[in-house]
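Student: For reference, the structure I am asking about is given below.
The values are calculated or read from the model by the stated rules, or taken from the named source; none is laboratory data. It should be emphasised that the depicted structure is a prediction, and the values quoted were computed from it without experimental measurement. Every residue, glycine as well, gets a Cβ built from its backbone with ideal geometry; the counts of neighbours run over all protein chains shown. Accessible surface areas use protein heavy atoms only, side chains included; no ligands, DNA or RNA. Shrake-Rupley method; radii C 1.70, N 1.55, O 1.52, S 1.80 Å.
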Amino acid sequence: MTFVPLTKPGAHNGHENHSSGIADFKKRFYVVLILTIPIMLLSEMIQHWLNIHFSFPGSGYVLLILSSIVFFYGGWPFLKGLVGEMKAKNPGMMTLVAFAISVAYIYSVATVLGLKGMDFFWELATLILIMLLGHWIEMKSVAGASRELELLVQLMPDDAHLVNGEKITDVKTETLKEKDIILIRPGEKVAADGIIVDGGSYLNESMLTGESKPVEKTKGDKVIAGSINGNGAIRISVLHGTKDSYLSQVIKLVQDAQKSKSKTQLIADRAARWLTLIAIVAGITTFLVWYLSGKDLAFSIERMVTVIVICCPHALGLAVPLVVAKSTALSAKHGLLIKNRTAFENARKITTLVFDKTGTLTVGKFQVVRYVTHNDKYTQEQVLQYAAALEQNSEHPIATGITAKAKELNLKLPEVVGFEAITGKGIAGIIDKKDVMVVSPGYLKEKYAFLTKDDMVKAEETLVFVLIDDDIAGSIALADEIRPESFEAIKTLHQNNIKSILLTGDNATVAKGVSERLGMDSFFAEVLPHQKLEKIKELQDKGEFVAMTGDGVNDAPALAQANVGIAVGSGSDIAAETAGIVLVNSNPKDVVSLIQFGKATYRKMIQNLIWATGYNVVALPLAAGVLYKMGILLSPAAGAVLMSVSTVVVAINASMLKVK
């Protein structure tokens, strides 16, 4: 089963094709329903059951004409599907249905033209009628499974208010360019990713990030296209065109994930192909057994047709894709972006979850609690001033805390030349012709012979050192508050028998304090990026199935090494290539929700696969006629009902998937 991708509003070609398919099956169903009534009234068997007799000269040919219309018009989607599957050398559900109705039709025509036996035009008509109904309901279910993705698509407004001086004109959203200024009025959807240049408001980002509370946005803050503005009017400077927006990337990510196939899907596909072959072999075998045992041709063909219809692997083919369509779109609405289907399904196997600290378990908003000088050449203010000058070029939470403190003290920041970020260690640049660095304790231990004394650091504080011309000029201590959600997240993990480990570049005192307060199983402190990978390997060597959470940049090697890589706190940067899953927010509860949702998704897939194959175990023998002597026999129409019901049950089961 292949889902038709959705495009953005104004270009819903794929979605319109899917909608027109639903309308086509609906139309064919009603036409066949009207024709089936006279076909049944003209059929000898139905007249015999109703104890009536109704015929007229040429009634057999009228029955043939009506049945031919039903076969060619009602059966056209299946006949067309057979040709397509044969061309693709991938016989499946359409091949089986087309084969079954063709055999029934050709045999019945032959009886009208002189072959001895009783036609079953009424069985043919009811079979096609039920198959059309089943497909109509199933296609509506498929559309429902993809509805969450459609809602994401519809978040992007068609028009935007372009500001040009004092003039405001309405333009199409796709025409917006970088640095355009647009007006977002109260209650309107944000038309593009951008930075607020005027005004302030509360924005509802729940459909994009899963954050239920409106988020306050003021001048200088970033806004995401598709979020809903509150009561204040804002003007934003557009960051990039529509195709590069966060929402567009999310939609593409969901579409790619829906089209990709995990191991579970590949197993289901192989099973569906085998079931197709089994259906054909079982059908022919059933025909031969009954015919050679002395039953007439009509009875033997009817058994063969019923077996083939019962064995249609449609439910099996839909079992996983329906869950995929639902889960990927639904997770995107809750800020869980799935890039790798297999990684997502493997979430159920996780035994150890490794957390980065800053911005995940903690709020990520550092405040300077003290700053001291370790060198008589420099004052406390100079230490903070030099550090803030360097940190203004960084977006790290520590940098934000240091620059905020300098701003609070109205310190004038000197010019920085040759700024350089040293991954996982710190930053460097030239200030007043001096080489200045802001580094972590880990770098200090690596660079210098002595170790940082533990008494320099208080529990849950983060310490950075300022080096000037390779001399330790001073240090700055910052504190970061633990998120309230972190306590609940760690507790839930323990309830699910999943170990939680803290992995941080911060000092051991801070790491121990955070780990103990949260009740985590253990911690690794003062770990550089390349060492994080080694720690993940150590856990894997002990037999742990490891998930790693990180920012997707510094933690890239560890994310790649982990069994499940989860990039957190990436905001609009969803291109963390090494992570199989991206969480829009840094909330640790989202990580737990992801694992639970992964388990729920896998359960739905297995339930669907069991149902899709299990009903064949019961229905196939009945269709073949093993209980014929007990008076139990399934008609082709009853077989079609069972096949359709199994498909609908699979669709309903998939639609019940929820993110908790």
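Student: Among ILE427, ILE402, which is among the β-branched types (Val, Ile, Thr), under 30 Å from THR549 (Cβ atoms) and not in a helix (DSSP H, G or I)?
Tutor: That would be ILE427, the only listed residue that is among the β-branched types (Val, Ile, Thr), under 30 Å from THR549 (Cβ atoms) and not in a helix (DSSP H, G or I).
Student: Also: Restricting the first residue to segment 170-185 and requiring it to be without any contact (Cβ under 8 Å) to a residue 12 or more places away in the chain and closer than 9 Å to SER237 by Cβ, which pairs with a second residue that is among the aliphatic types (A, V, I, L, M) and assigned to a loop (DSSP other than H, G, I, E, B) meet a Cβ separation below 6 Å and a spacing of at least six or different chains?
Tutor: none
Student: Consider ALA325 carefully, then state whether it is modelled with pLDDT of 70 or more and of a type in the set (Gly, Ala, Ser). Spell out how you get there, then give the answer.
Tutor: Working: modelled with pLDDT of 70 or more: yes; of a type in the set (Gly, Ala, Ser): yes.
Yes, satisfied.
Student: Quick one: in segment 195-216, which of the residues that are open to solvent by 30 Å² or more (accessible area, probe 1.4 Å) and of a type in the set (D, E, K, R) is modelled with the lowest pLDDT?
Tutor: GLU211
Student: Let me ask another. Which residues, counting only those in segment 279-325, are closer than 27 Å to LEU129 by Cβ and surrounded by fewer than 16 Cβ atoms within 10 Å (Cβ to Cβ)?
Tutor: ILE284, ASP296
Student: Condition first: exposed (fewer than 12 other Cβ atoms within 10 Å of the Cβ) and under 12 Å from ILE128 (Cβ atoms). Now tell me which residues in segment 37-94 satisfy that.
Tutor: PHE72
Student: So, of the residues in segment 400-419 that are over 40 Å from the mean Cα position of the chain (by Cα) and under 16 Å from VAL368 (Cβ atoms), which turns out to be surrounded by the most Cβ atoms within 10 Å (Cβ to Cβ)?
Tutor: Here the answer is ALA406.
Student: Next up: Could you figure out which of (1) out of contact with any strand residue (DSSP E or B) (no Cβ under 9 Å at 6 or more places or on another chain); (2) of a type outside the set (S, T, N, Q); (3) at pLDDT below 90 isn't true of ILE482?
Tutor: (1)
Student: Any idea how many residues of segment 518-532 are closer than 14 Å to ALA556 by Cβ and open to solvent by less than 40 Å² (accessible area, probe 1.4 Å)?
Tutor: 3
Student: Any idea how many residues of segment 643-655 are at pLDDT 75 or above and either open to solvent by less than 60 Å² (accessible area, probe 1.4 Å) or of a type in the set (D, E, K, R) (or both)?
Tutor: 8
Student: Same structure again: Could you look through segment 269-317, keep only residues that are of a type in the set (Asp, Glu) and under 23 Å from ALA125 (Cβ atoms), and pick out the one that is modelled with the highest pLDDT?
Tutor: ASP296
Student: While we're here: Could you please find all residues in segment 352-386 being closer than 27 Å to LEU493 by Cα and among the aromatic types (Phe, Trp, Tyr)?
Tutor: Within segment 352-386, PHE355, PHE366 meet the criteria.
Student: Same structure again: Within segment 35-89, which helices (runs of 4 or more DSSP H) (wholly inside it) include 2 or more residues that are closer than 25 Å to PHE25 by Cβ and of a type outside the set (Asp, Glu)?
Tutor: Per the criteria, 59-69, 76-87.
Student: Give me a count of the residues in segment 606-623 that are small (Gly, Ala, Ser) and either at positive phi or loosely packed, with under 14 Cβ neighbours inside 10 Å (or both).
Tutor: 1
Student: Further question: Which count do you get for residues in segment 420-429 that are open to solvent by 80 Å² or more (accessible area, probe 1.4 Å) and either of a type in the set (A, V, I, L, M) or in contact with a helix residue (DSSP H, G or I) (Cβ under 8 Å, 6 or more places away or on another chain) (or both)? If you could, list the steps in order and put the result at the bottom.
Tutor: Quick first cut of segment 420-429, residues open to solvent by 80 Å² or more (accessible area, probe 1.4 Å) only: 420, 423.
In the following step, the residues that additionally are either of a type in the set (A, V, I, L, M) or in contact with a helix residue (DSSP H, G or I) (Cβ under 8 Å, 6 or more places away or on another chain) (or both) were identified as 423.
Total satisfying the criteria: 1.
Student: Here is a further query. Out of everything in segment 41-67 that is polar (S, T, N, Q) and without any contact (Cβ under 8 Å) to a residue 12 or more places away in the chain, what residue ends up being nearest to ALA104 (Cα to Cα)?
Tutor: My answer is GLN47.
Student: Charged (D, E, K, R) and closer than 24 Å to MET304 by Cβ: does that describe LYS87? Walk me through how you get there before you give the answer.
Tutor: On the way: charged (D, E, K, R): yes; closer than 24 Å to MET304 by Cβ: no.
Criteria not met by LYS87.
Student: Would you pick out the residues in segment 433-478 that are under 17 Å from ILE398 (Cα atoms), assigned to a loop (DSSP other than H, G, I, E, B) and either in contact with a helix residue (DSSP H, G or I) (Cβ under 8 Å, 6 or more places away or on another chain) or modelled with pLDDT of 90 or more (or both)?
Tutor: VAL457, LYS458, ALA459, GLU460
Student: Also, quick follow-up: If we scan segment 624-642, do we find a residue that is at positive phi, out of contact with any Gly (no Cβ under 8 Å at 6 or more places or on another chain) and open to solvent by less than 10 Å² (accessible area, probe 1.4 Å)?
Tutor: Yes.
Student: Which of (1) open to solvent by 60 Å² or more (accessible area, probe 1.4 Å); (2) more than 30 Å from LYS512 (Cβ to Cβ) is the odd one out, the single condition ARG370 does not satisfy?
Tutor: The number of the failed condition is (2).
Student: Does at least one position in segment 324-346 carry a residue that is within 24 Å of MET94 (Cα to Cα), aliphatic (A, V, I, L, M) and touching a residue at least 60 places away in the same chain (Cβ under 8 Å)?
Tutor: Looking for residues that are within 24 Å of MET94 (Cα to Cα), aliphatic (A, V, I, L, M) and touching a residue at least 60 places away in the same chain (Cβ under 8 Å), one finds at least one in segment 324-346, hence yes.
Student: Identify all residues within segment 612-631 that are over 17 Å from THR276 (Cα atoms) and touching a helix residue (DSSP H, G or I) at 6+ places or on another chain (Cβ under 6 Å); write none if there are none.
Tutor: Correct list: GLY625 only.
Student: Moving to a separate point now. Kindly provide the set of residues from segment 379-399 that are polar (S, T, N, Q), crowded, with 18+ Cβ neighbours inside 10 Å and within 36 Å of the chain's Cα centre (by Cα), ordered by number.
Tutor: If the condition is that a residue be polar (S, T, N, Q), crowded, with 18+ Cβ neighbours inside 10 Å and within 36 Å of the chain's Cα centre (by Cα), then no residue fits.
Student: Restricting attention to segment 339-367, which residues are open to solvent by 10 Å² or more (accessible area, probe 1.4 Å) and hydroxyl-bearing (Ser, Thr, Tyr)?
Tutor: Result: THR342, THR351, THR358.
Student: Look through segment 584-618, keep the residues that are at pLDDT below 80 and under 21 Å from ASN653 (Cβ atoms), and return whichever of them is nearest to the chain's Cα centre (by Cα).
Tutor: ALA612
Student: I'd like the full set of residues that are open to solvent by less than 10 Å² (accessible area, probe 1.4 Å) and farther than 18 Å from GLN531 by Cα, limited to segment 497-512.
Tutor: Residues satisfying the conditions are ILE498, SER500, VAL510.
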